[in-house]
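Scroll down for the structure; my scribbles are underneath it.
The values are calculated or read from the model by the stated rules, or taken from the named source; none is laboratory data. Computed from a predicted structure; not experimentally measured. Every residue, glycine as well, gets a Cβ built from its backbone with ideal geometry; the counts of neighbours run over all protein chains shown. In case anyone asks, the SASA skips ligands and DNA or RNA and just uses the protein heavy atoms, side chains included. Shrake-Rupley method; radii C 1.70, N 1.55, O 1.52, S 1.80 Å.
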Amino acid sequence: MADFEKSRQQVLAKITLATEAAGRPVGSCALLAVSKTFPASDVRACYATGQRAFGENYVQELLEKSAALADLPDIEWHFIGPLQSNKTRAVAEAAQWVHTVDRAKIGQRLSDQRPVDLPPLNVCVQVNVSGEESKSGCTLEEAPELAATVAALPRLKLRGLMCIPEPTEDRAKLLAQFRTLAALRERLIAAGYLLDTLSMGMSADLETAIAAGATMVRVGTALFGARSYPPNN
Ligand SMILES: *Cc1c(COP(=O)(O)O)cnc(C)c1O
């Protein structure tokens with residue numbers, strides 16, 4: 001089995017270094033462990049090292065792993081994949097967070113379907129910061145109205161914004177996209193929203209995301225190793 005203790009400490013050290021380099025307080029950026037494609041046994045082993053927040057992209061995997069690990073009471077499931085409306089109920093029942101609310105209909109359904117015995121579902125509005133046609137996420141222009149809609153839904157708690165930038169090695173380009181999302185958050189905060197979360201940055205670009213203000217980085221490969229089948233987004 002992989003040495004999750006070692007890989008997790010390495011990622012946490014990277015996060016600490018990057019937050020310090022950005023002049024930000026240590027502890028101001030959380031680690032979301034992206035466990036997609038890896039078995040529940042790996043999640044359990046990573047949990048044993050102290051990790052609590054795990055991210056999944058596929059509804060079926062979220063359901064299987066959250067059921068298999070139901071004995072871990074304080075584990076926290078974050079849904080970070082594209083969400084179709086026929087899958088919202090399962091996610092509203094199994095996750096504590098959804099990072100990928102990109103249209104009002106999805107927010108409405110999640111709120112309607114969130115079980116009454118659970119606390120409100122934490123959500124981020126996903127924004128397409130690169131403007132690529134193929135990318136999921138609302139446009140920058142649509143984001144304020146979508147944030148207002150989500151914030152008004154009774155069973156959702158709007159926590160912040162999420163983005164997946166254009167895949168590029170160009171650090172300046174990445175930084176600009178991350179800063180675009182950070183600036184949008186500042187505008188929404190100025191408009192009165194309590195947004196404590198900027199979900200951005202993955203294994204390859206977490207330092208850049210933290211430099212731009214990420215409060216939660218979503219890390220898969222650097223923790224669990226290379227995936228044996230590719231993500232479909
Ligand atoms: C897979 C995935 C990640 C993790 O990516 P790595 O490069 O493996 O760290 C983060 N966010 C989303 C939305 C993903 O789909």
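Among the residues of segment 44-71, those identified as of a type outside the set (Val, Ile, Thr), within 16 Å of the ligand (Cβ to nearest atom) and not in a strand (DSSP E or B) are Cys46, Gln51, Asn57, Tyr58, Gln60, Glu61, Leu62, Lys65.
Scanning segment 166-201 for residues that are within 15 Å of the chain's Cα centre (by Cα) and open to solvent by 70 Å² or more (accessible area, probe 1.4 Å) turns up just one, Asp196. Scanning segment 125-148 turns up no residue that is under 17 Å from the mean Cα position of the chain (by Cα), closer than 18 Å to Pro82 by Cβ, part of a helix (DSSP H, G or I) and within 16 Å of the ligand (Cβ to nearest atom). For segment 217-228, state whether one or more residues are more than 14 Å from the ligand (Cβ to nearest atom) and either within 16 Å of Val98 (Cα to Cα) or open to solvent by less than 10 Å² (accessible area, probe 1.4 Å) (or both). No, the conditions are met nowhere in segment 217-228. Being among the β-branched types (Val, Ile, Thr) and surrounded by fewer than 17 Cβ atoms within 10 Å (Cβ to Cβ) is the filter here; which residues of segment 127-149 pass it? The one that is among the β-branched types (Val, Ile, Thr) and surrounded by fewer than 17 Cβ atoms within 10 Å (Cβ to Cβ): Thr139. If you go through segment 16-43 and keep only what is in a helix (DSSP H, G or I), surrounded by 13 or more Cβ atoms within 10 Å (Cβ to Cβ) and in contact with an Asp or Glu (Cβ under 9 Å, 6 or more places away or on another chain), you end up with Leu17, Ala18, Ala40. Can you confirm whether Glu61 is among the acidic types (Asp, Glu), more than 19 Å from Arg114 (Cβ to Cβ) and in contact with a Ser or Thr (Cβ under 9 Å, 6 or more places away or on another chain)? Yes: the conditions hold for Glu61. What is the residue count in segment 72-104 for residues that are surrounded by fewer than 21 Cβ atoms within 10 Å (Cβ to Cβ) and assigned to a helix (DSSP H, G or I)? Residues flagged as surrounded by fewer than 21 Cβ atoms within 10 Å (Cβ to Cβ) and assigned to a helix (DSSP H, G or I) within segment 72-104 amount to 8. Within segment 11-38, the set of residues being over 16 Å from Gly201 (Cα atoms) and among the polar types (S, T, N, Q) comprises just one member, Thr37.
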